[in-house]
Each structure stands twice: as C-alpha cells, then as structure tokens.
1. Assess whether residue 291 counts as being within 28 Å of the chain's Cα centre (by Cα) and without any contact (Cβ under 8 Å) to a residue 40 or more places away in the chain.
2. Name, by its number, the condition in (1) in contact (Cβ under 8 Å) with a residue 40 or more places away in the chain; (2) more than 36 Å from the chain's Cα centre (by Cα) that does not hold for residue 116.
3. What number of residues within region 128-146 satisfy the criterion of being part of a helix (DSSP H, G or I) and crowded, with 18+ Cβ neighbours inside 10 Å?
4. Only one residue in 121, 143, 127 is within 34 Å of the chain's Cα centre (by Cα) and either without any contact (Cβ under 8 Å) to a residue 60 or more places away in the chain or under 30 Å from residue 48 (Cβ atoms) (or both), so which one is that?
5. Any chance region 155-170 includes a residue that's at pLDDT 90 or above and within 28 Å of residue 41 (Cβ to Cβ)?
6. For residues that are in contact with a strand residue (DSSP E or B) (Cβ under 9 Å, 6 or more places away or on another chain) and surrounded by fewer than 15 Cβ atoms within 10 Å (Cβ to Cβ), scanning just region 171-187, find the one that is modelled with the lowest pLDDT.
7. Within region 72-99, track down each residue that is closer than 19 Å to residue 179 by Cα and not in a loop (DSSP other than H, G, I, E, B).
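The values are calculated or read from the model by the stated rules, or taken from the named source; none is laboratory data. Fair warning: this is a prediction, and the values are worked out from it, not measured in the lab. Neighbour counts are summed over all protein chains in view; Cβ atoms, including those assigned to glycine, are modelled from backbone coordinates with ideal geometry.
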C-alpha cells in the first residue's frame, strides 16, 4: 500500500539550496586542488587567492596572473555554448579585468566539469572560437565568428573590440575538471603528489588532510577575517586600508600556508591532551577568579577587560573548530593548545616571580614574548591561532585556577 504523501516522504520539485551548497563545496575542493600546485615541483605558481577578482586568482613565478572561473553542470545538462548567458558573463569579466590591470594577466581560464558544444565549427563552439581568436593577427583579419563575439563583448563592456580580441587570445576553456563525485579523490591524489609526507598517510588521515585544506579554502572565501578585526577599527584613520589588507591576507594562500595546513592535519595524532576533561567552572565564577588574580598581579582594569575579551576569542575559536571539524577534533585542538599555553605560563611565572614584589606585569611581558615566538616558530601546531588567541587560553587557565599572576592566595578572602 502506497503511503500518503507528506512533506517528510516526498521529494521536492527543486532543491536549489542544497544544490548550490554542493556546487560551492565542489568549487572549494577544486580550489584546494589548485593550491597543491603551490607546493609541487617544479614550482610554477607562488600565490593563490580565493574569491579575489575571480573564483581563483593564481600568481605565476614570473609575476603575472591567471584568472580562473569554475563552473559546474550535471552530466545530463546541456553542453556549454559560446552564446550562453553565463559564458558571455564570465567573458565580460575577463575583458574588464584585463583592462583594469593591463599587461598583468597571462591567461584567463573557464574551467568546468562538463563538456562544450563542439559538433560544428560555428559561433556556438567556444573552444573553436577561442582557437580562431589566437590565430587572428588583428580584428580585421579575424573570422566572422570572432568579430561577432568581440563586437558583442565590446558593446557590453564599453571597451574597444581590439582590446576584447587581446583578451580572447589569452582565454582558454577546459572540461578537464573532475566530475562532481570525483573531486575528493582527485584532491587526495594531488596532495600525495605535491606533499611527500602525505605519501605514507593512511586513508582516513589523508581524507582528513583533504577536508581541512578544503575548510581552509572555504574560510578564505567567506570573509572570516572580519572576526579578527579589532573592535576599534572604525576609529582608525586608515580603517578602510586596514580592512582591505586583512581581507586580502585572509584570501591569500602561499606555499607555506598550504604546507602548514597539511602538516597540522597529518600530525594531529601527536597532539598533547588530557586523560580526562577539565572540571567545568561556571563562567561567572571563572571571570571573578580571573579578575582577582590579575588585580593581585598588579594588572590594570584595562588589562583585566582585555583579558576577558581575549578569553572569549579563544572560546570562539573553539566553537569555529566545532563547526568545521566536529566536536571531537575541536576538543583535541583545544586541549592541545591549553597544554602548550600552560607550559608557557609556568615558564613565565618561574622566570618572573618575586616573594616581596608584585610581578604580574613582568610575567605578562614574558608570556607574550613566548607566545609570539611559538606562533612564529611553527615547531608545534597552533593551527589557525594568533598570539592573541593563545593569550586568551592563558586567561581561561587563570579562571580555572591553573595559572597565578602573583603568590597564591585564598580567593574567598578577596
């Protein structure tokens, strides 16, 4: 007996949201695959930007750039044609970028997992039109199909037809991207090829490394840098320049950044951790303890308020990890970093403690120097944390009664 249709057991007529999310996930995976080229030998690229002017912007070793548009279609979809609205739109983008940054682009690429219309050498055949554009010495000698497309683009972009032809001559299209279901496999194979330590990784660890590289790309594409902008940004004289610089830095992948992501994801089995979780301390009590301890160490109200904010930023980083990697992995990272920071706190405490003097400020200076050295050295995994996040962990440990900024005292008496 056929059950009565309900919203729970009936497929939707369209699933736009889920389909869009799936395609964005594919784009992130392919951008992560391209990022592997940064660490491959011989190196042809030095930098990669996510969602910066184009879906992917690559900087070559000669200083010139490649702009890459990534488009997907289901296998049953119609082939890409030169007169498709979407194709015309990305060609316009290429023309405008080429005009905005003259002589800086070596190539523009339309990359897809689908196939192109190539039944006949007509104006609908994009690979054929682009090949004919390369052969043309100028617009006057170009075939009609090239002239027609160039004039149409010139009218839309308000650039000269000769400028458009120059852009078309450096534009390529490729259908060599993996199919939607194969993107993960191709990424893992690319990691093995480009990063030798991954060659000995077991399957589930390699899969995790691929997932974390994709997550890093997704974060770079999502303006996540805004979470780390100072609250006083609006008061700065060059606020717009500061925000723009941070935004570009967040989108940028260098060989060092790619290697760092892969190194961390392949070495998390050696993270420091606890045999059992910490005993939870109520937030109000933790903050009360934090304030008393810092005041006893001679730190000002401003420093106490900053400590509270940095402690919250450390917790926020943990919640982000939960969202990206799941609670188990987030806890592993969280406990690992707290153990590292506790070690630095202990060293700073031993180096600066005085029986007859208030030493909290000297201890803070010593701790900050250690945290900066730790984030810069890269000898132990600090993941995507800056020294401010690590300092926040120190204040969490303070509220949990594991760190003191003065000689220990009875908290109930203050």
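1. Working: within 28 Å of the chain's Cα centre (by Cα): no; without any contact (Cβ under 8 Å) to a residue 40 or more places away in the chain: yes.
For residue 291, the condition - within 28 Å of the chain's Cα centre (by Cα) and without any contact (Cβ under 8 Å) to a residue 40 or more places away in the chain - is not met.
2. (2)
3. Going through region 128-146, the residues part of a helix (DSSP H, G or I) turn out to be 128-135, 144-146.
Still in the list and also crowded, with 18+ Cβ neighbours inside 10 Å: 128-130, 132-133, 145-146.
Total meeting the criteria: 7.
4. Working: 121 fails: within 34 Å of the chain's Cα centre (by Cα); 143 fails: within 34 Å of the chain's Cα centre (by Cα).
Result of the check over 121, 143, 127: 127.
5. Let us first name the residues in region 155-170 that are at pLDDT 90 or above, namely 155-170.
From the residues that got through so far, the ones that are within 28 Å of residue 41 (Cβ to Cβ) too are 170.
Looking for residues that are at pLDDT 90 or above and within 28 Å of residue 41 (Cβ to Cβ), one finds at least one in region 155-170, hence yes.
6. Taking region 171-187 first, the residues in contact with a strand residue (DSSP E or B) (Cβ under 9 Å, 6 or more places away or on another chain) are 171-177.
Of the ones still in play, those that are also surrounded by fewer than 15 Cβ atoms within 10 Å (Cβ to Cβ) are 174, 176.
Details: 174: 95, 176: 91.
Looking at the filtered set, the residue picked out is 176.
7. Of everything in region 72-99, just one residue is closer than 19 Å to residue 179 by Cα and not in a loop (DSSP other than H, G, I, E, B), namely 80.
Yes or no, residue by residue, for (1) without any contact (Cβ under 8 Å) to a residue 24 or more places away in the chain; (2) part of a helix (DSSP H, G or I):
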position	(1), (2)
150	yes, yes
159	no, no
163	no, yes
172	no, no
177	no, no
183	no, yes
188	yes, yes
192	yes, yes
